[in-house]
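Working notes, beginning with the structure itself.
The values are calculated or read from the model by the stated rules, or taken from the named source; none is laboratory data. Remember, it's a predicted structure, so these values are computed and weren't measured experimentally. FYI the Cβ positions are ideal-geometry reconstructions off the backbone, even for glycines, and counts take in every protein chain you see.
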Amino acid sequence: MKSLGAYTSARTFDQHSLIDFHGHTRRLSNSLASILEEVTWTDSQGEPLRALAHYAELPEADTPDPTALFVQLTCDPQLLERLVVPMIRRGLTAFWQPKPSLVEEAKVTICLAYDEKDHLPICAVHVCPLIQPLQTRCSVEVYPATRHNPSAKDTQWVRDRQSLGSRMKPGVNEVLLLDQASGELFEGLSSNFLVVEPGEGPPGVRLVTAPMGSVLLGTILKLVLQICQDQHIPVEYRCPTLAELRGG
């Protein structure tokens, strides 16, 4: 059986820090909590992990119970940061050391899962070159598909989207998920989807994007929404439709 867990991916800035690192760790904790609502992981005594959620602080014992520690990570992003920061530092140091001038920025993926066989948490950090954003228009395809749990960034979604990604034609940059019944477009395989429409009054435009809860709030969308708030740009939370896009 494949392990189920949560993950988040962040990008470096000036080869020094991670953009919205605290937001990423909160997302990781929230995703783990969401997964625990749907699955029944058990500890070494056969008790459901969700029954251990009363752990609010690290146990005083010299060797904390790993199961309790794992559950605590679902409600304590600061503890999660203490766990992963040393791993991220080691990973980035090893990544930059041989080629600091050959790669502009790095992509850092943090994954946290639970091994139910050995009743141990699994934490991994992966560092790779960041694919630079396109400076021109991107090409997308639309596929009929939706996410089972859009509020969680879980490893099951990585497996689910592989089949969709494998169907992408050469030159296509992203796939948009379509609800065939309603014609609504939710998000991409690895990105949020935004539409800029003409708006009434200054500044003359408005942003349309899927309601929060129906998609995962990505880092870029989070930054865009903050800019909209600062610049008084209206945001309409509804799913754009394929018919609207085809109509121009």
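Numbers at a glance
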read-out: Residue within segment 235-242 that is crowded, with 18+ Cβ neighbours inside 10 Å and not polar (S, T, N, Q) present; value: yes
read-out: Filtered residues of segment 3-48 (kept if in a loop (DSSP other than H, G, I, E, B), hydrophobic (A, V, I, L, M, F, W, C) and modelled with pLDDT under 80); value: Leu4, Val39, Trp41
read-out: Tally, over segment 140-156, of residues that are at pLDDT below 85 and of a type in the set (Phe, Trp, Tyr); value: 0
read-out: Hits in segment 173-222 (condition: of a type in the set (A, V, I, L, M, F, W, C), touching a Phe, Trp or Tyr at 6+ places or on another chain (Cβ under 7 Å) and over 18 Å from Arg161 (Cβ atoms)); value: Met212
